[in-house]
1. From the residues in segment 90-148 that are of a type in the set (D, E) and touching a residue at least 24 places away in the same chain (Cβ under 8 Å), which one is nearest to C61 (Cα to Cα)?
2. Please pick out the residue among F121, F96 that is of a type in the set (F, W, Y) and out of contact with any helix residue (DSSP H, G or I) (no Cβ under 9 Å at 6 or more places or on another chain).
3. How about segment 88-104: which of its residues are at pLDDT 85 or above and either surrounded by fewer than 17 Cβ atoms within 10 Å (Cβ to Cβ) or within 10 Å of E26 (Cα to Cα) (or both)?
Amino acid sequence: MKIIHLTSVFILFYQSFYGQEKVDFEQKAFDFYKDSILPKTSSKINFVVKVQDYNYWESDCSQKLNLKWQDTIVSGTNNLDVKDIIIAEDKKFKKFKHFKKGDYPKTFVIANLKKSENQNFVTIVETYKNEVISYLFEMDIYGKIKNWCKGKWIGEN
């Protein structure tokens, strides 16, 4: 009887820990940005496909959604597995592998910040010569966007 009970506990633990699908929050935020936010434009968007792992960022949107700059400091420790955004063959984007300062305009995604079990934040940043625009997406545990904001970047990197 003990063996059956221990086996059941082990199976339940395994399914709950390993059986859940990992959500690609950065990709889901990018897909929403690409499909719902970007205006219909004929000009190419320079896009850095590698997710940036910033350890500090702040915008007026982060303040609006009650994120403090101290919250963003832990961003780098949450995402040891920094990945690439999949664009496929979308002709709207000119792909770059790495972000270099001075290359304007350029757009990139900052790695997911998990603030609580059901609260994840992904930022997409558009850099221009004299301006930086940020989009902050608040997502639930499944990657569904609960709230988003377009604002100005006010933090340092």
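The values are calculated or read from the model by the stated rules, or taken from the named source; none is laboratory data. None of the values given here were measured: they were computed from a predicted structure. Quick reminder, even Gly has a Cβ in these numbers, built from the backbone with ideal geometry, and neighbours come from all protein chains shown.
1. It comes out as E138.
2. F96
3. K92, K94, K95, F96
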